[in-house]
Amino acid sequence: MNLEKVIFGFFIILAMTLNFGFVIGELDNPVHHDVYELFFAIVVNLIATVLKFGERTQIGAIHLASSLVADLQLIAAAGVWATAVYLTGTGLTPGVTASIVSLAAGALAANVLSVIMLLVETVMFRR
Amino acid sequence: MHSTLFLILRRMRAPLILLILSYAVSILAMTLIPGVDANGRPAPPLDFFHAFYFVSYTATTIGFGEIPMAFSDAQRAWTIVTIYLTVIVWLYSIGTIFGLLQDPAMQRAIRANRFAAEVRRLRQPFYLIAGCGETGVLLLHALDSRNQQAVVLDIDRERVGELELGQYQQDVPALTADARLPENLIAAGLHHPLCAGVIALTNDDPVNLSVAVTTKLLRPELPILCRADLLETADNMASFGVEDVVNAFETFGEHLGIAINNPGHHLLYQWLTGVPGEPLAMPMEPPRGTWLVCGYGRFGKAVARHLDKQGIQLVVVDEHPPSDHERTVVGRGTEAHTLLEAGIEQAAGIVAGTADDINNLSIAMTARQLKPDLFVVLRQNRHANAALFQRFAAQATMQPSSIVAHEFLSLLTTPLLPRFFNLALHQGDAWADVALSRIAAVVGDTVPEVWDRELSKTETLAIWQALSEGRTLRLGDLLRSPSNREENLACIPLLLKRGSEEILVPDSDTPLLDGDRILFCGEAHTRRQQALGLHDYNTLNYLLTGNQAPGGLVWRKLAERNKA
């Protein structure tokens, strides 16, 4: 067993589960989507991205790309949230909530892809 | 670029993760700790937006203060933690980046990348030069003054550094790298479509050999010029088809031999390979008779072999004299008694050819004291000792680096010139004297410029047009002056090469064909005047017929109608 692989897998899966936890619930109901969960999803996603830095393999490159996509989507979601609540003062209306959650759902897709690649890599790794 | 970026990312992993974690902890706590309002009543904690704002300006030590409103004591306590945590992690991250940029491995990677990019961007033909010692710098200066681009690889960092400080018209991409590694040659543009040739002139024979092998395998069509200090290396290189191998000792030995037996030919060589514009060299006339060769190393052997070939009597002076030579004397030659024992009083010349400059000077000074009219040939090993050798003023000074550089330069700029000397050598002394007097008549008393012309569509468009119209051109037409066709340009055709046929000093009546290569010598401005007729069809027409033909299409048509 390799500790590096454990940590790597842990962060990738945690990024996906946190993201999933934030997304699940009614699309436009702000009560179902906790802001803390979004915060942790962003932090864990960023860490997962940094862990993927410096991989020179083809699969490593796709890993990094999918993580960057997830980061971008989550940060966009946070941006929408901050804009709606503080900059324009619209508040968390159903429309705003829906757009935050759908952005996060896009990130979830990228995170799922990451986990699938992790599994594929593990299956291919015969030794 | 990619490899350096990945190197930075890989090394930045730990600091970046620490940075993310410290931000996350600081922001999270700020969103949980309750604040206080203006009246001292408890207020809700900061939200994520303001927490992120606060931590961002605190971590980067900007410190705007307590925004959006004054903090509670609990928030202030956590702010202390935030400051120490995030500021330290920030400094650590920045320190790591600077450390990375200072890292020798990193700097090497950056330099190699920049070099490869510079080479990729080259848009004119260039020569790849491996080795930039004394020979390399001489060659580089000569190429640079002819507007030839070069790319340099050298193992020594200081020499590459000196190159960057050197005065060159062009930017010469240079890299500190081992030329033995194929990847370095590839980075230096071995696969570049504009690479015109590879020149290996390090002072290490195995390196030159490996450059030659690499080039022959990866780009067989590229010309390779190699320096070889050992005869075995030269043979080895020639065996797998390296076009031109220059051995400084052999070259000098050969010329010394020629100078003794055919002084005219040697003078011809000196005149045609000198620096254009300098005064013509006076004939060097080494006497026949017995010669002393002091130092029987690579140089001594080469000289002895070539003098032997010319039938010159030799006495070899060496601490370990060879057994295969008839007349040998044991000693260094720096002492008078050794030279006397070798028979200096009856000798005509002496070759001071050890690998040590000071010993060579000592031999020469002793010899000149014993016999002032002796012909002295000195071997100079180091360029730095030039002042000493100039002061001594031997009849001939052999400097390996300048010989190799001159040979390479003539091979690169006038590939026909070595062929000319080869053919000329088979002619008698009388022929050489005639050639010398013709050249002297044309160029006066300065070293002439030597150039070759290829008759082809890309090089000489006007000639190509005239030939494809079926007109007959003779060599004499190229010698007419564009300002007055009755006058001749001050230049001499030395050699005409047509396929495998070579005509030495061709006649003015020789008809020209597409693909001919002609070697000329004359003054520099003559070369420019000649070029007018080669590129401009109207000028060529004037040279051929004496008519000032109309240039434009309409006028040409009108002229044809008038004729009809």
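What follows draws every value from the coordinates through simple rules; no lab data is involved. These numbers come from a predicted model, not from an experiment. Backbone-built Cβ (ideal geometry, glycine too); neighbour counts: all protein chains shown.
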- Query: Helix A:58-82 versus the longest principal axis of chain A: what angle, 0 to 90°, nearest 10, using Cα atoms?
  - Reply: 10
- If amide H atoms are modeled at 1.01 Å from N in the peptide plane, then the residues at a separation of 5 or more from B:Ala150, or on another chain, having amide H under 5 Å from its own are B:Tyr127
- If one compares the long axis through the Cα atoms of helix B:553-563 with the longest principal axis of the Cα atoms of chain B, the angle in degrees, nearest 10, works out at 30
- Note on the structure: FRET efficiency (B:Asn385, B:Ser239; Cβ distance; R0 30 Å; to 0.05) is 0.25
- Task: Sketch the reach of a paramagnetic label on B:Ala441 as a point 7 Å from Cα along Cα-to-Cβ, and name the residues of the stretch B:506-524 whose backbone nitrogen lies under 16 Å away.
- Result: B:506-509, B:521-523
- If you average the sequence gap of Cα pairs under 8 Å that are 6 or more apart and divide by the length of the stretch B:2-102, what percent do you get for the contact order? 34
- Task: Please state the charge dipole magnitude for the stretch B:249-413, taken about the Cα centre, from unit charges on C-beta atoms (+1 on K and R, -1 on D and E), reported in debye and rounded to the nearest 20.
- Result: 140
- Task: Might you report the magnitude of the Cβ-based charge dipole of chain A about its Cα centre, with Lys and Arg at +1 and Asp and Glu at -1, to the nearest 20 debye?
- Result: 520
- Modelled FRET efficiency - R0 45 Å, B:Leu9 with B:Met69, Cβ distances, 0.05 increments: 0.65
- Query: Can you list the GluC sites (Glu not before Pro) in the stretch B:140-238 that are in a DSSP coil and have 13 or fewer other beta carbons within 10 angstrom?
  - Reply: B:Glu221
- Residue mean of other protein chain beta carbons inside 10 Å, B:42-49: 3
- Message: Using +1 at the C-beta of Lys and Arg and -1 at the C-beta of Asp and Glu, which of A:Ile59, B:Asn541, B:Ala281 has the Cα lying farthest in the positive direction of the dipole of the protein assembly as shown?
- Response: A:Ile59
- Based on other C-beta atoms within 10 Å, arrange B:Tyr542, B:Tyr92 from fewest to most. B:Tyr92, B:Tyr542
- Message: Give me the one-decimal Kirkwood hydrodynamic radius in Å for the protein assembly as shown, with the sum taken over alpha-carbon pairs.
- Response: 32.8
- In order over the stretch B:175-184: 3J(HN,Hα) from phi, Karplus 6.51/-1.76/1.60, θ = phi - 60°, whole Hz, x for each Gly or Pro, gives 9, 7, 7, 7, 5, 6, 7, x, 4, 5
- Item | Shape category assigned to chain B from the gyration tensor of Cα positions, a/c cut at 1.5 | oblate
- Message: Compute the distance from the alpha-carbon center of the stretch B:5-31 to that of the stretch B:68-110, in whole Å.
- Response: 9
- Query: Hey, if you put +1 on the Cβ of every Lys and Arg and -1 on every Asp and Glu Cβ in the stretch B:2-102, which of B:Ala24, B:Val55, B:Gln75 ends up farthest toward the positive end of that dipole?
  - Reply: B:Ala24
- With θ set to phi - 60° and the Karplus curve 6.51 cos²θ - 1.76 cosθ + 1.60, what are the ³J(HN,Hα) couplings of the stretch B:61-73 in order, to the nearest whole Hz, using x for Gly and Pro? 6, 7, x, 6, x, 8, 10, x, 9, 4, 7, 7, 4
- With eigenvalues of the C-alpha gyration tensor scaled by 5 and rooted, the stretch B:2-102, Å: 33, 12, 10
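At a 10 Å Cβ-Cβ cut-off, how would you order B:Trp291, B:Trp451, fewest neighbours first?
Exposure proxy ranking, most exposed first: B:Trp451, B:Trp291.
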- Query: Which value results when the Cα radius of gyration for the stretch B:301-344 is divided by 2.2 N^0.38 Å?
  - Reply: 1.14
- How are the Cα pair distances of chain A distributed, in percent, across 10 Å bins from 0? 14, 43, 27, 13, 4, 0
- In nm, the gap between the two label points placed 7 Å beyond Cα toward Cβ at B:Thr472 and B:Gln369 is 7.2
- Normalised by the number of residues in chain B, what is the relative contact order in percent for Cα pairs under 8 Å and 6+ residues apart? 8
- Message: Can you say what percent of the DSSP beta bridges in the protein assembly as shown, counting only those with both residues inside, are antiparallel? Round to 5.
- Response: 35
- Item | the stretch B:377-396 versus the stretch B:48-66: alpha-carbon centroid distance in Å | 73
- Cβ-based exposure ranking for B:Asp308, B:Asp205, in which fewest neighbours within 10 Å come first: B:Asp308, B:Asp205
- Message: Helix B:263-273 against the longest principal axis of chain B: what's the angle in degrees, Cα atoms only, rounded to the nearest 10?
- Response: 30
- Message: If you average 1/r across every pair of different Cα atoms in the stretch B:122-246 and take the reciprocal, what Kirkwood value do you get, in Å?
- Response: 14.3
- Run the dipole for the protein assembly as shown about the Cα centre, Lys and Arg Cβ at +1, Asp and Glu Cβ at -1, nothing else charged, and hand back the magnitude in debye, nearest 20. 1200
- Mind giving me the FRET efficiency for A:Phe10 and B:Gln107? R0 is 30 Å, r the Cβ-Cβ distance, nearest 0.05 is fine. 0.25
- Item | Charge dipole of chain B about the Cα centre (unit charges at C-beta), most positive-ward option of B:Cys226, B:Ser93, B:Asn262 | B:Ser93
- Query: To the nearest Å, what is the center-to-center distance of the stretch B:160-203 and the stretch A:54-127, using C-alpha atoms only?
  - Reply: 47
- Query: What residues qualify as long-range amide H neighbours of B:Arg480, i.e. H under 5 Å apart, gap of 5 or more or another chain, H built at 1.01 Å from N?
  - Reply: B:Leu489
- Inter-chain shielding metric for B:25-36, i.e. average beta-carbon neighbours from other chains within 10 angstrom, reads 1
- Note on the structure: proj_area_mean for the stretch B:249-413 (convex hull on C-alpha atoms), units nm², value 9.4
- Query: Once you average over the residues of A:47-53, how many Cβ atoms of partner chains fall within 10 Å of each Cβ?
  - Reply: 5
- Query: Karplus couplings for the stretch B:297-308 from phi (6.51 cos²θ - 1.76 cosθ + 1.60, θ = phi - 60°), rounded to Hz, Gly and Pro as x?
  - Reply: x, 5, 5, x, 5, 4, 4, 4, 5, 6, 5, 4
